[in-house]
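**Q** Okay, handing you the structure first.
The values are calculated or read from the model by the stated rules, or taken from the named source; none is laboratory data. What you are looking at is a predicted structure, and each value in this text was computed from that prediction instead of being measured. Glycine gets a Cβ as well: all are built from the backbone with ideal geometry, and neighbour counts include every protein chain shown. With ligands, DNA and RNA removed, areas are computed over all heavy atoms of the protein, side chains included. Shrake-Rupley method; radii C 1.70, N 1.55, O 1.52, S 1.80 Å.
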Amino acid sequence: MAQDLSKIKTRINSVSGALKVTKAMKLVSSIKVQKWKKVMLLNRDYVKCLEDISNIVFTHAKKIDSILLHENEKAEKNLWIVITSSLGLCGSYNQNIFKFTSELINSSDDLIVIGEKGRTYYAKNGFHVLEEYGKNASFNDEELIKDLSQFVLQEFNRGTYRSVHLIYTVFKNSLTFIPTDYRLLPFGNDISNHSSYAFGPIMEPSSVEIVDKLFPLYFKSTLYSKMLEAEVSEHASRSNAMDSATNNAEELLETLQLDFNKARQASITEEIIEIVGASRGK
């Protein structure tokens, strides 16, 4: 009986320690969600304004003949930028992305994977992961996003890739996160073919030069916006996972405490019986 009490007490101490960790991680993740969600919402306003300006420019610009507006039909492969997490304990966040991409990415395609969990998974499963970009990448690393944008635009201009896709997790609310395939190149996802303006804007120095300047800015801003949204989704997923783990640990702790009390009562009862029996024997 004493051994049972010792085992239960050891489990209680173990669960109590895990409960402290999950509570702390839940608190940290919740704070990060609130912090980056505010940044994400502000960034959405900026990107929306940029998209509206791009709509006007791309609709009214004359004689635009850019390879960035059309698929490279002669190219034999696509480029996929996949955003995963570098840390664990975020529920099914990464697994949902892996499952979503299982039927999208061909073995001949190239991958740029952001997040160590994804890099390990795709490299292990035989995908061609480009090592030059994505390693230790962060949405907060402005220089890396700039370099990545230049690399992708340059390779697409060369005709290396038929199209460029971004796999990221859309943040719907604190409980819903949806893996999504967003086509970065050729341009055209959010650019409409019409404008509410009856007359086009006057473009100086020329529409071609403005478009050439606008393409990189639009691409980099879109990439940053999606990476930021994926970051918020990751923290929210981890917060939910830690909340569930905390609730499970608390329930288990209650059960173990009840078992400990029953075992202790049984031990005390057994000792009393032995004492009474010994006294009568005398």
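**Q** Might you let me know whether region 108-121 holds any residue that is within 30 Å of Leu214 (Cα to Cα), open to solvent by 20 Å² or more (accessible area, probe 1.4 Å) and either in a helix (DSSP H, G or I) or modelled with pLDDT of 85 or more (or both)?
**A** no
**Q** Look at Asn55 and say whether it is at pLDDT below 80 and either buried (at least 16 other Cβ atoms within 10 Å of the Cβ) or more than 29 Å from the chain's Cα centre (by Cα) (or both).
**A** Criteria met by Asn55.
**Q** Moving to a separate point now. Quick one: would you say Ser86 is touching a strand residue (DSSP E or B) at 6+ places or on another chain (Cβ under 9 Å), open to solvent by 30 Å² or more (accessible area, probe 1.4 Å) and under 30 Å from Gly118 (Cβ atoms)?
**A** Against the criterion (touching a strand residue (DSSP E or B) at 6+ places or on another chain (Cβ under 9 Å), open to solvent by 30 Å² or more (accessible area, probe 1.4 Å) and under 30 Å from Gly118 (Cβ atoms)), Ser86 qualifies.
**Q** Another question, if that's okay. Please work out which residue is surrounded by the fewest Cβ atoms within 10 Å (Cβ to Cβ), limiting yourself to region 90-107 and to residues that are in a loop (DSSP other than H, G, I, E, B) and among the aliphatic types (A, V, I, L, M).
**A** Checking each candidate, the answer is Leu104.
**Q** Ok, one more. Within region 130-140, can one find any residue that is open to solvent by 20 Å² or more (accessible area, probe 1.4 Å), polar (S, T, N, Q) and over 18 Å from Val232 (Cβ atoms)?
**A** yes
**Q** Further, regarding this structure: Take Val129 and decide whether it is in contact with a Leu (Cβ under 9 Å, 6 or more places away or on another chain), at pLDDT 90 or above and under 25 Å from Val39 (Cβ atoms).
**A** no
**Q** Restricting to region 205-260, and then to whatever is touching a residue at least 40 places away in the same chain (Cβ under 8 Å) and β-branched (Val, Ile, Thr), can you tell me which residue is surrounded by the most Cβ atoms within 10 Å (Cβ to Cβ)?
**A** Val232
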